[in-house]
1. In segment A:17-31, which residue that is surrounded by 15 or more Cβ atoms within 10 Å (Cβ to Cβ) and more than 19 Å from residue B:73 (Cα to Cα) is farthest from the chain's Cα centre (by Cα)?
2. If I filter segment B:16-38 down to residues being within 13 Å of another protein chain (Cβ to nearest Cβ) and aliphatic (A, V, I, L, M), which single residue comes out as surrounded by the fewest Cβ atoms within 10 Å (Cβ to Cβ)?
3. Looking at segment A:86-99, is at least one residue crowded, with 24+ Cβ neighbours inside 10 Å, modelled with pLDDT of 90 or more and part of a helix (DSSP H, G or I)?
4. For residue A:79, all conditions in the list (1) basic (Lys, Arg); (2) more than 9 Å from chain B (Cβ to nearest Cβ); (3) more than 19 Å from residue A:142 (Cβ to Cβ) hold save one; what is the number of the exception?
5. Do you know which of the residues in segment B:11-53 that are touching a helix residue (DSSP H, G or I) at 6+ places or on another chain (Cβ under 9 Å), in a helix (DSSP H, G or I) and small (Gly, Ala, Ser) is nearest to residue A:170 (Cα to Cα)?
6. Which of the residues belonging to segment A:131-141 are more than 8 Å from every other protein chain (Cβ to nearest Cβ) and more than 11 Å from residue A:167 (Cα to Cα)?
7. Please name all residue pairs, on different chains or six or more residues apart, with Cβ atoms under 7 Å, provided the first residue is in segment B:46-61 and is within 24 Å of residue A:142 (Cα to Cα) and the second residue is among the basic types (Lys, Arg).
8. Across segment B:75-90, which residue is modelled with the lowest pLDDT among those that are out of contact with any Phe, Trp or Tyr (no Cβ under 8 Å at 6 or more places or on another chain) and at the interface with chain A (Cβ under 7 Å from one of its Cβ atoms)?
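The values are calculated or read from the model by the stated rules, or taken from the named source; none is laboratory data. From a predicted model like this one, the values you see are computed outputs, not experimental measurements. Here the Cβ positions follow ideal geometry from the backbone for every residue, glycine too, while neighbour counts run over all protein chains shown.
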Amino acid sequence: MGVRDERPDSELAAAAAAGDRRALEALLYRHTDRIHAICRRILANDHDALDATQEALIAVTRGIAKFDGRAQFTTWCYRVATNAALDEARRRSRRPVTMEEMPEAAHASAGPDDIVASRLDVDAGLARLSPDYRAAVALRDLADLDYAEIGQILGIPPGTVRSRIARGRAALAGLIGNQEGTPEHPTQSTP
Amino acid sequence: MNDQLPPLPADQVLELLSAEIDGEFDAAATDLGLTPADARARLDATPGVAERRAALTGTRTALAVPELDEATRERLVSTALQSPAASDELSTRRARRSMGRVIGIAATIAAVVVGAGALAVVAGDNDNGDDASLTAEAPSADEESGDDDSEGDSVGGDDSAEAAEDDAAFDSDGGTAGAIVGAPDPYSYFLDFGDVTSPDALQAAVAGQLRGLAAQSLPATGEQLFDAPTTRFSYNAGCYAVLVEDFGLTPPPVMQGPAIYAGDSVQVAVFAVADGYQALVIGSECEVLDDQFVTPEP
């Protein structure tokens with residue numbers, strides 16, 4: 001069972017930065033699911049998401065001593081997770097993609113298991129977006145970061161964040177049947 | 001009043017509705033050159049807005065990712081927490097290896113200068129192998145010496161002298177670029193290395209696999225057993241990330257696969273380095289159980 005600690009992130013992060021291993025462990029436990037969710041949605045693949053999550057947790061562990069508390073721990077932590085996922089996406093783009101890794105097409109939702117089908121639909125929808133778009137959506141809808149924070153993490157202006165999120169959501173809505181039509185070429189750069 | 005307002009273009013509707021979900025409506029309206037009130041009014045005048053709003057709101061729910069099971073979470077966290085220790089250990093070993101190399105070079109130079117016949121003969125006969133054996137022996141020879149070179153090393157922090165030493169010895173860029181003739185392409189072959197409990201066994205297993213690969217006309221990239229399912233343990237990526245950084249290696253390994261070390265299941269990963277191969281025996285906790293420099297056969 002993981003370490004539970006009721007202290008806020010800021011206190012745990014400060015303690016962890018000072019070398020408190022239990023505080024670090026509690027922080028990691030607290031944020032592993034969120035980190036994984038971000039990685040999972042950016043990568044749209046279970047295996048790659050676990051790899052990226054592991055990379056991110058290691059990076060947090062190794063970098064916590066340098067965390068100075070000027071930013072919120074979550075912003076820093078999710079930046080690490082996003083970078084890990086985007087790195088993994090880049091690595092994946094340079095290697096052959098196996099059949100298992102390919103997102104299923106939307107018609108896979110005709111299968112009997114609705115939960116699985118729904119997951120496949122989401123993955124298929126996300127697969128139509130570039131990882132940068134997925135990252136913007138994931139950081140907003142899974143990490144609850146505001147546009148300014150997302151812009152800091154992705155290195156883009158808030159207006160571009162807004163546009164990417166909107167197009168990402170529209171693509172997803174279109175594919176999972178929540179909306180008629182799909183957006184225009186969401187994998188292209190935002191004007 | 002709304003009847004007099006023209007509907008908004010579809011892309012603006014999308015941006016405004018999405019921003020509205022996120023509480024960023026006013027900023028979005030301003031960026032689009034509208035006052036928030038105008039934007040609201042024109043949005044309301046656009047047909048189908050309620051449905052679109054509901055559809056976009058629904059994606060948030062669809063994006064939710066199930067929580068990890070406790071065992072997976074535990075494994076991810078414990079692996080991460082072990083990484084600094086693994087890294088320190090690797091730094092120590094790296095420093096020891098560097099020291100061994102320095103001693104070896106110094107000994108060779110001394111032998112040549114003084115003209116000590118026996119040493120000179122050994123050095124002359126075994127040019128590449130000499131370096132390899134020194135590299136291989138250094139860690140175990142130093143293990144009793146209480147070498148504390150890496151104390152205080154921050155994880156992932158490259159320490160000056162030893163990093164420089166290692167960069168010279170394991171210069172990944174130059175090493176790979178100046179690759180050994182006949183070296184496999186930089187894609188992982190997935191192979192069984194058998195029992196690698198002793199350094200000699202590891203050397204022999206790796207050399208044997210290299211011979212086997214060299215004997216084949218190397219298959220095209222697409223045919224290589226890259227990322228075989230059994231290499232997809234989630235600890236691998238993080239583990240390799242630490243290892244390649246601390247050993248100054250360039251991923252991916254040219255070969256990797258299961259092996260047995262002292263009766264335990266382990267992994268062997270073999271990386272191309274400047275003048276040969278670096279083979280690592282990696283335990284289930286990402287600890288390096290043995291590392292051997294393997295000289296390619298001519």
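1. Residues of segment A:17-31 that are surrounded by 15 or more Cβ atoms within 10 Å (Cβ to Cβ), as a first pass: A:17, A:20, A:23-31.
Now narrow it down to the ones that are more than 19 Å from residue B:73 (Cα to Cα): A:17, A:20.
On the way: A:17: 24, A:20: 27 Å.
Filtering segment A:17-31 for residues that are surrounded by 15 or more Cβ atoms within 10 Å (Cβ to Cβ) and more than 19 Å from residue B:73 (Cα to Cα), the one farthest from the chain's Cα centre (by Cα) comes out as A:20.
2. Residues of segment B:16-38 that are within 13 Å of another protein chain (Cβ to nearest Cβ), as a first pass: B:16-33.
Now narrow it down to the ones that are aliphatic (A, V, I, L, M): B:16-17, B:19, B:21, B:27-29, B:32.
Numbers: B:16: 27, B:17: 25, B:19: 24, B:21: 19, B:27: 17, B:28: 25, B:29: 23, B:32: 19.
Per the stated criteria, the residue is B:27.
3. Residues of segment A:86-99 that are crowded, with 24+ Cβ neighbours inside 10 Å, as a first pass: A:88.
When the remaining residues are screened for being modelled with pLDDT of 90 or more, the result is none.
There is no residue in segment A:86-99 that is crowded, with 24+ Cβ neighbours inside 10 Å, modelled with pLDDT of 90 or more and part of a helix (DSSP H, G or I).
4. Single failed check for residue A:79: (3).
5. Going residue by residue through segment B:11-53, those that are touching a helix residue (DSSP H, G or I) at 6+ places or on another chain (Cβ under 9 Å) are B:11-22, B:24-32, B:34-46, B:48-49, B:52-53.
Those still in the list that are in a helix (DSSP H, G or I) too: B:11-21, B:25-31, B:36-44, B:49, B:52-53.
Among the residues that remain, those that are also small (Gly, Ala, Ser) are: B:18-19, B:27-29, B:37, B:39, B:41.
On the way: B:18: 9, B:19: 12, B:27: 20, B:28: 17, B:29: 19, B:37: 24, B:39: 20, B:41: 22 Å.
Here the residue is B:18.
6. Residues of segment A:131-141 that are more than 8 Å from every other protein chain (Cβ to nearest Cβ), as a first pass: A:131-136, A:139.
Within segment A:131-141, A:131, A:132, A:135, A:139 qualify.
7. From segment B:46-61, the pairs are B:56/A:169; B:59/A:169.
8. So the first thing to find is which residues in segment B:75-90 are out of contact with any Phe, Trp or Tyr (no Cβ under 8 Å at 6 or more places or on another chain), and the list is B:76, B:78, B:80-89.
Those left that are additionally at the interface with chain A (Cβ under 7 Å from one of its Cβ atoms): B:76, B:80-81, B:83-84.
Values: B:76: 93, B:80: 90, B:81: 89, B:83: 73, B:84: 58.
In this case the residue turns out to be B:84.
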